[in-house]
1. Which order results if B:64, A:279 are arranged by neighbouring Cβ count within 10 Å, fewest first?
2. Starting from 0.36 nm per residue, how many nanometres of slack lie between residue A:218 and residue A:154 once their C-alpha separation is accounted for?
3. Under 1.5 on a/c is rounded, so check that first for the stretch B:1-103, then, if it is not, pick prolate when a/b is larger than b/c and oblate when it is not; a ≥ b ≥ c are the square roots of the alpha carbon gyration tensor eigenvalues.
4. Just A:89, A:300, A:39 to compare: in a GNM of chain A, with alpha carbon springs under 10 Å, which one fluctuates most?
5. Considering the Cα positions of chain A, please state its Rg to one decimal place and its Dmax as a whole number of Å.
6. Using a 10 angstrom cutoff on alpha carbons, build the Gaussian network for chain B and name the most mobile of B:181, B:99, B:227.
7. State, to one decimal in nm, how far the label point of residue B:184 lies from the label point of residue A:48, with both points 7 Å from Cα in the Cβ direction.
8. Report, in whole Å, the centroid distance computed from the Cα atoms of the stretch A:143-186 and the stretch B:133-207.
């Protein structure tokens with residue numbers, strides 16, 4: 001017993017030695033800056049006007065919460081913050097929901113036998129692999145009212161009578177365009193993760209169900225979904241967090257417009273901090289964004305029981 | 001048995017819909033890249049390129065410096081990946097093979113780091129990089145890219161390393177090999193697919209990144225490809241044929257990579273906490 005303990009101690013020491021370089025890098029470029037960002041959020045610091053910083057305590061945060069309950073003209077940035085938070089939450093929930101449902105559908109289809117299946121499976125990786133900047137530019141061209149194929153198609157099919165500037169005319173069309181462009185890029189990723197989950201379900205379960213006379217629907221709800229739950233939750237937690245901090249898609253597709261209707265939190269934060277030079281307020285917003293992501297992760301892991309450790313590393317093909 | 005063709009037909013149709021949904025945007029991008037100024041904004045648009053303007057592809061290299069952007073992107077993504085795999089593999093080795101205290105805590109922290117929103121580190125890093133005078137150098141992107149690539153690499157590698165039987169490394173240690181030699185002589189060769197996977201996924205992540213690339217690089221000669229591509233947007237008169245041509249050029253290598261390496265990519269996606 002004692003010997004084992006000392007061996008563990010020895011391996012712990014050696015392990016820390018191996019971990020050291022990575023831990024140093026992570027502390028230096030992640031933890032330290034996060035701490036500094038929090039510190040900076042306690043100041044008013046408008047870099048465009050003066051280099052002096054004024055310590056204001058938690059007032060950036062109280063301003064944010066005041067902005068939620070009593071929108072004040074003088075604190076218009078907090079109103080924009082809550083607008084962005086609302087847009088981001090809505091975008092995250094809708095986009096991830098669509099991606100999951102369609103992704104699951106595609107996974108179920110690819111899981112069946114057909115000619116060229118390997119090719120289709122490979123092809124699903126392509127939208128995932130290309131830069132979001134490129135895919136967003138692609139969708140910007142397709143949504144355009146000048147030379148855009150979606151307008152052309154919608155008019156030919158009789159959905160619209162006049163060409164519509166989807167990305168610029170109304171917040172609703174811009175928002176849904178952003179959802180579409182994001183879904184196109186991430187559905188394949190979802191489908192692949194779920195396909196991997198589907199392939200771990202033992203076929204005997206379905207055979208047994210068939211013998212018992214269970215319908216296809218019944219099999220789906222009683223076997224497929226429960227067995228898929230761990231992979232589904234892991235895919236969901238990563239997709240939700242990624243969608244929540246999305247920046248590229250809004251920046252390129254709409255620039256946050258029209259009327260800030262597609263201004264995701266990361267983009268709002270970028271504009272406030274980098275373009276307007278408000279490092280104090282911007283830092284407070286960044287910390288809020290950080291807290292939101294931690295809450296989402298907490299919700300998935302503690303409430304829904306997602307286990308990011310569990311489904312890892314079972315297949316090495 | 002007679003009705004079996006109906007589900008077959010439905011399946012074929014479904015597959016066709018998936019293929020069109022995934023590939024039509026690429027087709028459109030390609031068509032746009034061959035259009036001339038006058039055809040770009042025409043309504044209804046041409047669905048085929050009537051007078052393909054291949055010189056658009058020349059313009060993006062001669063007038064728009066895409067070659068330089070590609071080179072910047074490549075150096076930055078490659079260096080990020082190399083550093084991540086080098087120091088990440090030590091960490092992964094310790095986490096996968098050593099009996100250690102606090103192991104699950106460390107793993108949890110590493111996973112949590114990979115979930116942080118990038119913008120939360122931007123402001124302090126910018127100040128520090130300015131002090132160090134590395135804004136507008138490759139380091140200004142390689143260092144922040146490690147925030148996401150290092151946790152991702154460690155996560156993928158430790159899941160691959162775990163699958164190598166302990167007996168093999170222990171035998172090496174009994175034979176007198178130090179842990180460093182065990183790592184290089186036993187683990188690395190056996191986990192080569194895992195290292196390759198981590199390499200590809202980290203590379204793609206760094207190649208596609210935009211937020212840091214918009215902040216830490218302000219000199220257009222040092223722009224990475226995604227940053228260069230945004231330059232065209234947000235303006236009223238976009239040169240769409242050039243954006244399209246540039247998008248095709250930067251997308252093609254990724255498509256080839258995916259087609260050749262899909263086996264490893266899928267293994268990595270299902271092994272690690274991987275983000276897009």
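Derivation of every value follows stated rules applied to the coordinates shown; laboratory data play no part. The model shown is predicted, which means the values in this text are computed figures rather than measured ones. Heads up, the Cβs are rebuilt from the backbone with ideal geometry, glycines too, and the neighbour counts pull from every protein chain shown.
1. Working: B:64 19, A:279 27.
Lowest count first: B:64, A:279.
2. Working: separation 64, 0.36 × 64 = 23.04 nm, distance 3.76 nm.
Contour length minus the Cα-Cα distance gives 19.3 nm.
3. Values: a/c = 4.93, a/b = 1.26, b/c = 3.91.
Oblate shape, in that a/c is at least 1.5 and b/c is the bigger or equal ratio.
4. Result: A:39 has the largest fluctuation of those listed.
5. 24.3, 82
6. B:99
7. So the label points at residue B:184 and residue A:48 sit 5.4 nm apart.
8. 44 Å
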